[in-house]
Each structure stands twice: as structure tokens, then as C-alpha cells.
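For reference, the structure discussed in these notes is given below.
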Amino acid sequence: MATQSPPKLINLVRGWPAPSLLASELLSSAAQQVLSDPAVFVPALQYGPDPGYQPLREALADWLGRHYNVKPDPERICISGGASQNLACILQSFTDPAYTRAIWMVAPCYHLACDIFKDSGFEGRLRAFPEDEEGVDLEVLEESIRKLEEEQGKPQNKTYKDAGKYRKHYRHVIYVVPTCANPSGKTMSLSRRTGLVKLARKYDALVVCDDVYDCLQWPVGGELKPPSQWPPEMKLPRLCDIDLAMGAAENDPRGFGHAVSNGSFSKMVGPGIRTGWVEGSPAFAYGVAQTGSTKSGGSPSQFCAAMMARLISSGELEDYLEKTVRPALQRRHALMMDAIHRYLTPLGDVKVRESGLLGARTYGGYFVWLTLAGGVSARVVADKALRDANVIVGSGDMFQVHGDEERLSFDGAIRLTFSWESEEDIVEGVRRLGDVIRKVKEDPAQWQQEQLARGERDDGLMNFK
Ligand SMILES: Cc1ncc(COP(=O)(O)O)c(C=O)c1O
């Protein structure tokens, strides 16, 4: 008897841009321009200054200043090797494992950040805190911080590191993705943003914001417009801008601030470009530039920074985002939502977030967050989807805060990505997922038992972005 070959693998967990969204032509022409002029390629191919390639700092200050309606200031910006690399630099420069109490992560969290925190000595000190439809739950967060402070008493004087003249060590780090979050797709309201900054100032915390999806937003079911015409709900201020507008905090005489923005070109032109920026106060930007690996190797991504400077100052990047990236993501998101409404919501008990921001009709980023009720385990669904339907989806447990899984668990949730697969496969993947959920719902206990009998899942699945 002929065996049926399995259907094509569809990967709905991979948070990468589709190959069609990699800006190869733009980058090729920018590279040629950079490499054909010694006045540009000599500095671009040398070690870069610690805070980064100056023309990119200036181009970014101008662009972001227009986008967020803040005064352009290149001194607030330090060029990075992307959000992940820069998170590591922030921890190296601004935390001390003996002095810094804990890392507070909104849950569900961007799971790959957990290992970056662990590498800096915070294993076992990652704490999950919840969010509601509006964003972070400030009451729970404050109460948890207060309790921890009480339990631990005064900070010890002994630290592992000397912060020196240009840096300081914060007592707490709070990690969030305020806009179009990975994995929840949520955007934090203005009042929660303001509240979070105030809380950070009170407890000497640094809020690290991965603002990597801010420029990738669209109205749900509406006409795409250039950012200059976006409504205010699509251009909420970054936490670092709110912090700056509040003026210097009393406990911060050197003006490092209490919130920083990690920006990245990964989702705009392609992750391989490994270039981003951090924006905070001038003192913070200078301090992070004093990280040892930067002082030795010079600014990360110096050559790519020269290409990105060209693409921003010529307007080509904005044009590309407007004509290619945002329309493609808006279309893909709409197709995924249609498929979810066709194949998943009729199953009952499957809910999906329709808008990123409470009370608005906007969305953005790469991800959709589904919740399954009725005792259906997302882990069981995800394992069965891979085994029986050749579809990879992210079960909620992937996005629990490492070491604090018990506090907030998400076995009733699934993350789906619409950025990676083709439009056709996005729809087909959701259809197959619907078949799997239906089967699991018919007898959840049976599938749970079957999974238990099979043992642990291959951890490779947990490593997808
Ligand atoms: C919230 C968040 N932060 C950081 C990253 C990685 O950014 P980068 O490629 O700039 O290191 C991702 C990628 O998926 C992400 O979703």
C-alpha cells in the first residue's frame, strides 16, 4: 500500500520576516554607494566611535524626532548591534548581580530575552508580572517590588562591579515590549506607560523597552497612511520620551533616566543586518557606549550603520516601509484573522485579540495571540499539530518567564506568526490547526494522556523567535 507523504511543513512560530520582505535591493545599492567613496568607506570599515556612526545617530535623531514628535538629539542615541545584543550591553553596564535585585518581566514574555538576563547573573531572579487588556498591571508590579525590597532589606555595599564615572547600577530592571508586543500583540495604553515610568523612578528601576515594532503598525480594516498622518493611538510616546519629559528624578543626579528604548532594523530590512540603536538620556547613551566590548571593538555594526544612514537620510527606508513592509504585514494579518474566524472561532472557546490597543482599531508587529478555553492544553495542541498536521505553532508555555513559570502560566494560549509563511500557507496552516483543535476538543483527556506517555517535547521548538 502506498504511504501518503506528509503535507508541506508550515511554520507559524518563526518570527522572521518572509524572504520577500528582505530589503536586498535597497541594501545592495546602499552598500555600493558606501563602498565606492573613500570618504565614506574608510570610516565605515574602520573601528567606529563608541557611541556609533555619527551620520546614523543624526539621521535617526531626525527621523525618530519626526515620528515621535520629540526634539531631535543625536546625543540621546547610541548605535547597537540590534535589540538583543544591546540588551546584553545594558545589563553589563547598568546592573550588578549583587546590587540589582530582580528582573521584572511582563508575562507572557519575549522568551529569548530570558537567557540574556541569565547570562548576566540573574538566573532564578526573573519575576513574572501580569498585564490586563490595557497593559502592565501596575498594582501587582508595585506590590511585588515593595515586598521584595522589604524581604531583602538594605542593598549590600559589596558589588561585583565598579560602575565608574559614566554608568550606574539600577536596583531593578523591568522588561517590556510596549507596542505590538511579542508574543501578545498588545499595545500599552498611555496611562499605563506614564504609570510605569513613575513607578520605575520611585524604585530606582530601569525600564528596558524593546520598541522593535513601533514603525510596523496599521489600522485594522482601514486605509494605510504614512506615519505623518497616523492617529495619536498609533504613535504613543515611548517610555523614554515620557521619562525625559518628566525631567530629572531626585534620585538620579547624573541624569541617566529610568527608561530606555531598544530599536532595531531587524524587522524593517532584515535581521542579518544586526544593527539597531538605543535611545535614552544623553548620559545613558554615553554610558552604554562605555561597555567593554564596544570600547575594544568600536561601535557594533559600523559598516551596516553607514548603509542604514544612507537609507534613512535619502528617505528610502521610510518609502520602503510605507510601500512594501506595512502593506504586506497588514494584508497577511487580515488573511490570518479571516482564517481564524473561519476555522478556529466557530469551534467555540477560541478567542483572538482583534486590536492591539484597547478601544482602538489598530494592530501591528508579527504576532497573534489566541486563547483556548474548555480545558484544552495548548501544549497538547502544538505537539499534535506538529506530529499530525506538520504545522508548527507556539504554545503559551514557551512564553512563561523562566524560573517563575508557576506565577503566570499560559497553557491555554497559542502564538501565531503572520510574517514568515506565504499568504497561502498562513491560511492553510490555520485551517490545519483548526482540525487539530477540533480533534483535541473531542477528548482533551485522551490527548493529554497520550502526550504524557510520550514524554517531554524536543526543546528545539522553544528556540524559535
Ligand atoms: C520583542 C523583541 N525583542 C528583540 C527581538 C530581537 O531583535 P534584534 O534582531 O534586533 O536582536 C525580537 C525579535 O523577534 C523581539 O520580538
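Kindly list the number of the only condition in (1) closer than 21 Å to D96 by Cβ; (2) without any contact (Cβ under 8 Å) to a residue 60 or more places away in the chain that fails for G124.
All conditions pass for G124, except number (2).
Looking at R331, R387, R379, R353, can you tell me which residue is touching an Asp or Glu at 6+ places or on another chain (Cβ under 9 Å) and open to solvent by 60 Å² or more (accessible area, probe 1.4 Å)?
Answer to the check: R331.
Please go through region 98-124 and give me each residue that is within 19 Å of K168 (Cβ to Cβ), of a type outside the set (F, W, Y) and modelled with pLDDT of 95 or more, ordered by number.
Listed by number, the residues that qualify are T100, R101, A102, I103, S120, G121.
Taking interchain pairs and intrachain pairs at least six residues apart, which have beta carbon atoms under 6 angstrom, with the first residue in region 402-425 and at positive phi and the second open to solvent by 50 Å² or more (accessible area, probe 1.4 Å)?
Qualifying pairs under 6 Å: G403/G124.
If I filter region 370-388 for residues that are under 19 Å from the mean Cα position of the chain (by Cα) and either within 14 Å of G434 (Cβ to Cβ) or not assigned by TED's automatic domain parsing to the domain that holds I426 (or both), do I get at least one hit?
There is at least one residue in region 370-388 that is under 19 Å from the mean Cα position of the chain (by Cα) and either within 14 Å of G434 (Cβ to Cβ) or not assigned by TED's automatic domain parsing to the domain that holds I426 (or both).
Residues of region 51-96 being open to solvent by less than 10 Å² (accessible area, probe 1.4 Å), within 16 Å of the ligand (Cβ to nearest atom) and hydroxyl-bearing (S, T, Y), which ones?
Once the filter is applied, which keeps residues that are open to solvent by less than 10 Å² (accessible area, probe 1.4 Å), within 16 Å of the ligand (Cβ to nearest atom) and hydroxyl-bearing (S, T, Y), region 51-96 yields only S80.
Condition first: under 17 Å from the mean Cα position of the chain (by Cα), in a strand (DSSP E or B) and farther than 19 Å from D204 by Cβ. Now tell me which residues in region 126-141 satisfy that.
Passing the criteria: A128, E131, G135.
Hey, G272 hits all of (1) open to solvent by less than 10 Å² (accessible area, probe 1.4 Å); (2) within 16 Å of the ligand (Cβ to nearest atom); (3) not in a loop (DSSP other than H, G, I, E, B) but one; which does it fall short on?
Failed condition: (1).
Could you list, in sequence order, the residues of region 306-316 that are surrounded by fewer than 23 Cβ atoms within 10 Å (Cβ to Cβ) and either within 16 Å of the ligand (Cβ to nearest atom) or at negative phi (or both)? Step through it out loud before you land on a result.
Initial filter on region 306-316 (surrounded by fewer than 23 Cβ atoms within 10 Å (Cβ to Cβ)): 310, 312-316.
Those that are surrounded by fewer than 23 Cβ atoms within 10 Å (Cβ to Cβ) and either within 16 Å of the ligand (Cβ to nearest atom) or at negative phi (or both): R310, I312, S313, S314, E316.
In this structure, is R431 under 28 Å from W218 (Cβ atoms) and open to solvent by 10 Å² or more (accessible area, probe 1.4 Å)? Reasoning before the result, please.
On the way: under 28 Å from W218 (Cβ atoms): yes; open to solvent by 10 Å² or more (accessible area, probe 1.4 Å): yes.
So R431 passes the test.
Give the residues of region 221-246 that are closer than 17 Å to T179 by Cβ and either open to solvent by less than 30 Å² (accessible area, probe 1.4 Å) or not in a loop (DSSP other than H, G, I, E, B) (or both), sorted by residue number.
Result: P227, W230, P232, E233, M234, L236, R238, L239, C240, D241, I242, D243.
Considering only residues of region 160-194 that are among the β-branched types (V, I, T) and within 12 Å of the ligand (Cβ to nearest atom), which is nearest to the chain's Cα centre (by Cα)? Talk me through it step by step, then tell me what you get.
Applying the first criterion (among the β-branched types (V, I, T)) to region 160-194 yields 173-174, 176-177, 179, 187, 194.
Those still in the list that are within 12 Å of the ligand (Cβ to nearest atom) too: 176-177, 179.
On the way: V176: 8, V177: 5, T179: 8 Å.
Going through the qualifying residues, I end up with V177.
Within the set of pairs 6+ apart or on separate chains, which have a first residue in region 200-214 that is assigned by TED's automatic domain parsing to the domain that holds T95, a second that is open to solvent by 10 Å² or more (accessible area, probe 1.4 Å) and modelled with pLDDT under 95, and C-beta atoms under 6 Å apart?
Pairs that qualify, where the first residue is assigned by TED's automatic domain parsing to the domain that holds T95 and the partner is open to solvent by 10 Å² or more (accessible area, probe 1.4 Å) and modelled with pLDDT under 95, are R201/A249; D204/N251.
Do the conditions hold for S36, that is, is it modelled with pLDDT of 95 or more, over 30 Å from R332 (Cβ atoms) and surrounded by fewer than 17 Cβ atoms within 10 Å (Cβ to Cβ)?
yes
If I go through region 195-215 residue by residue, how many of them are part of a loop (DSSP other than H, G, I, E, B) and away from the ligand (no atom under 14 Å from the Cβ)?
Number satisfying all stated conditions: 2.
Only residues that are outside any helix (DSSP H, G or I) and of a type in the set (V, I, T): list them for region 88-125, please. Outline the logic, then answer.
So in region 88-125, the residues outside any helix (DSSP H, G or I) come out as 95-112, 123-125.
Correct list: T95, T100, I103, V106.
Only one of (1) open to solvent by 30 Å² or more (accessible area, probe 1.4 Å); (2) closer than 30 Å to L112 by Cα fails for A205. Which number is that?
Of (1) open to solvent by 30 Å² or more (accessible area, probe 1.4 Å); (2) closer than 30 Å to L112 by Cα, only one is false for A205: (1).
Considering region 104-120 alone, what residues qualify as being buried (at least 24 other Cβ atoms within 10 Å of the Cβ) and away from the ligand (no atom under 14 Å from the Cβ)?
W104
Where residues in region 121-164 are touching a Pro at 6+ places or on another chain (Cβ under 8 Å) and over 28 Å from S191 (Cα atoms), which of them is surrounded by the fewest Cβ atoms within 10 Å (Cβ to Cβ)?
This residue is Y160.
Return the only residue of F284, F256, F303 being open to solvent by 30 Å² or more (accessible area, probe 1.4 Å), aromatic (F, W, Y) and either in a helix (DSSP H, G or I) or within 21 Å of R76 (Cβ to Cβ) (or both).
Every option except F303 fails the conditions.
For T324, work out the one condition from (1) without any contact (Cβ under 8 Å) to a residue 40 or more places away in the chain; (2) open to solvent by less than 60 Å² (accessible area, probe 1.4 Å); (3) among the hydroxyl-bearing types (S, T, Y) it doesn't fulfil.
Among (1) without any contact (Cβ under 8 Å) to a residue 40 or more places away in the chain; (2) open to solvent by less than 60 Å² (accessible area, probe 1.4 Å); (3) among the hydroxyl-bearing types (S, T, Y), T324 violates only (1).
From the list R167, R192, exactly one residue is open to solvent by 10 Å² or more (accessible area, probe 1.4 Å), part of a loop (DSSP other than H, G, I, E, B), touching a Gly at 6+ places or on another chain (Cβ under 6 Å) and assigned by TED's automatic domain parsing to the domain that holds D243. Which is it?
R167 is the lone residue from the list that is open to solvent by 10 Å² or more (accessible area, probe 1.4 Å), part of a loop (DSSP other than H, G, I, E, B), touching a Gly at 6+ places or on another chain (Cβ under 6 Å) and assigned by TED's automatic domain parsing to the domain that holds D243.
Does Y213 satisfy being aromatic (F, W, Y), crowded, with 18+ Cβ neighbours inside 10 Å and more than 30 Å from L22 (Cβ to Cβ)?
The answer is no for Y213.
Out of E233, E279, E223, I need the residue that is within 16 Å of the ligand (Cβ to nearest atom) and of a type in the set (D, E). Which one?
Being within 16 Å of the ligand (Cβ to nearest atom) and of a type in the set (D, E) holds for just one of E233, E279, E223, which is E279.
The values are calculated or read from the model by the stated rules, or taken from the named source; none is laboratory data. This structure is a prediction, so every number in the text was calculated from the model and none was measured. Positions of Cβ are generated from backbone atoms using ideal geometry, with glycine treated the same way; all protein chains shown enter the neighbour counts. Ligands, DNA and RNA are stripped out before the accessible areas are found, and what is left, the full protein with its side chains, is counted by its heavy atoms. Shrake-Rupley method; radii C 1.70, N 1.55, O 1.52, S 1.80 Å.
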